[in-house]
1. Describe numerically, in nm with one decimal, the distance between label points set 7 Å from Cα along Cα→Cβ at residue 430 and at residue 85.
2. Sort 187-199, 334-346 by packing, meaning the average of other beta carbons within 10 Å per residue, with the highest value first.
3. Based on the mean of other Cβ atoms within 10 Å per residue, sort peptides 409-418, 353-362 so the most packed one is first.
4. Cα-Cα pairs above 25 Å in the stretch 285-421: how many percent?
5. Report the convex hull volume per residue for the stretch 101-181, counting only C-alpha atoms, in Å³.
6. Obtain the nm distance between the two label points defined at residue 135 and residue 174 by a simple spin-label model: each point lies 7 Å from its Cα along the Cα-to-C-beta direction.
7. What Kirkwood radius, in Å to one decimal, follows from the Cα pairs of the stretch 240-353?
C-alpha cells in the first residue's frame, strides 16, 4: 500500500519542475487540522465502534453509505483489472491540488503549469492502479467534514496476500459522484497529500538529492505485484537506503525507512529490522505499523513474549484485525499456549472469514480431537480445498501429523475427488515407512549390543 504515496510523490517530481507564488483561488476544499492525540483517538474510535466526541458520524441508514460503498467497489474492481480509465474516475487530483493550495503546501506560476502538473499526476496515479488492488472492503465509519465532503475509514482485504489494510479516505462529491482526493494508510501514518506537499516543497529551486532515488524506488514499486516479490523488494530497499543517505524530509524518511524494514523482513534479517525500527520509534509520532513489524522481527528471533507485547501495542494504537490476531496466535502457539492461540485465531476469523492463516493456526491449536469443529470455517472459505491444503501443510510443517491426518479426513468428506487426497496419503505412507525403517534399525542396534 505504501507505493500509493510514493507514486503520488513521483507525479510531483515529474510534473512540477518549478514553483512560484500566485494569487490563491477559492480552493473549495475544507481543510481540517487535527492534533496527533485527536488523530489517534479517531483511529481507535473508528475501528472499535466506540463513540468520539465532536465527530459528525453518519448513520449507516444515510444514503451516503450506499453511495460510498459503491465507490469503493468500483475502485477495487478498477484496480484489480488495471482499468486506468475507471480508476482515474474514482480519484480527483484537481481536488487534491486545491487541498494542497489551501494548506499552502503548493503553488504554481500560472494555470498552464497547474494543468500540466495535474495531467502528470493523473498519469502516474493511473500506472499505480495495480498496487491499489483490494478484493473487498468494509466501511468502518463515515464522517461528514463539510457539505459534499466525507472522511471514510475502511478495512480493505487482499485475498492474494491474505492481508487487511486500514485506511482513511477523504472524499468529495463532484458531478454527483464521490471521488477520493486524499488517503492515508493508517499503519504508516502519512497522508498522501502530506507526502505530495513534502515533495513539492523541495522542488523550489535546486532538486533535492533524495529525489532521484525516490523516483527510482517509486518506479520499482509499480511492478511489485509480478515476478519474484523478494527480489523486487530488495531492489526497493536499496533505493530506500540511498534516500536515507541524503537527509530527506521526515515524511519521506518515514516511508523510506518502512520500505527498508519491509525488505529486511522479507529477507529474514530480524536484528537489522529492530535497528531500523529503533530509529523509527525515535521520530515524532511513530506510526502504528512499526510495532506490527517489530513483532514479526521479534518472533523471527523466537522472542515470542516480546513479540506479543509489540502486537498488543499495534492493536492499542490501531485496533485489532485478522493480521494482528494471526501473528498473536502464532506467538502463543510457539510457546505451547494453545488456548490463547485458538482464541486469537478465532477472533481473526471473525474479522476476516477468508483468513487462511488464522484458520491454519486455529487447526493446530484445536488438536486432532476438536479440529472437526472448524469445518464451518473451511466451508466459508472462497476455495475450501485450498484452505485445507494450507492448514494440512501448516500442521506438517509443525510436525503435528495427528492434526494433519484429521484435516485430511475432513477434506475427504468435503471433496472426495480432490487430487490432494492421493498426494497427502502418499506423504503419510512415506513417513510411516520411514518410521518403520527407523524402528527396525533401532531394534537391530539393540540386538547387536546384546
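1. 5.1
2. Details: 187-199: 22.8, 334-346: 17.9.
My ranking of the peptides, most packed first, is 187-199, 334-346.
3. Numbers: 409-418: 14.1, 353-362: 24.7.
Top to bottom by mean Cβ count within 10 Å: 353-362, 409-418.
4. On the way: 2451 of 9316 pairs.
Pairs farther apart than 25 Å: 26 percent.
5. Numbers: hull volume 10.8 nm³, N = 81.
Residue-normalised Cα hull volume stands at 133 Å³.
6. The answer from the label model is 3.2 nm.
7. Values: mean 1/r = 0.0684 Å⁻¹.
Averaging 1/r across every pair of different Cα atoms and inverting gives 14.6 Å.
Just so you know, all these numbers are worked out from the coordinates, no wet-lab data involved. These numbers come from a predicted model, not from an experiment. With ideal geometry, Cβ positions are generated from the backbone for all residues, glycine too; neighbour counts draw on all protein chains shown.
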